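Below is one structure, written out as structure tokens; comments come after it.
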Amino acid sequence: MLGQFCSYIKDCPLHKKNAANEMKGEVIGTATGKATLVVMKNPHTTEGKFEYLQEQLDELKTKLNKNSQGINSRFDDEMKRVGDEIGTAKGLTNKVEARLGDIAVGGVKIQIFGVLLFLYGPITSF
């Protein structure tokens, strides 16, 4: 009878047993609003620990690949945008240089008009 009572106390639901695996959650947010959920394990065997470390390394590799691809695509987009802006600026510079050349040097028509004004001035003052 005493043995049955002891086995009942051991099997009693009030007696808490330690779980083999522990799970912890962590949410990491970035500036863009993406969130990742990380589930951490606590393996007790050496092989389990090595497997868990390998899983973490593989997960880090995939995250790094995704981040580097995102950075590379944003960099390519910015380089394309900057190249377009440089092309636009060169076109505008060429237009301004052409206009300044016409104003400073002047065309043949402007020079002929200037000569006519030069001759008109003394004639009218006579």
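Does the stretch 106-114 contain at least one residue that is among the hydrophobic types (A, V, I, L, M, F, W, C), outside any helix (DSSP H, G or I) and either surrounded by 10 or more Cβ atoms within 10 Å (Cβ to Cβ) or modelled with pLDDT under 85 (or both)?
Taking every residue of the stretch 106-114 in turn, none turns out to be among the hydrophobic types (A, V, I, L, M, F, W, C), outside any helix (DSSP H, G or I) and either surrounded by 10 or more Cβ atoms within 10 Å (Cβ to Cβ) or modelled with pLDDT under 85 (or both).
Go through (1) at pLDDT below 75; (2) of a type outside the set (Lys, Arg); (3) assigned to a helix (DSSP H, G or I) and name the single condition ASP76 misses.
(1)
The values are calculated or read from the model by the stated rules, or taken from the named source; none is laboratory data. Since we're looking at a predicted model, the values are computed, not measured. No Cβ is skipped: glycine too gets one built from the backbone with ideal geometry, and neighbour counts run over all protein chains shown.
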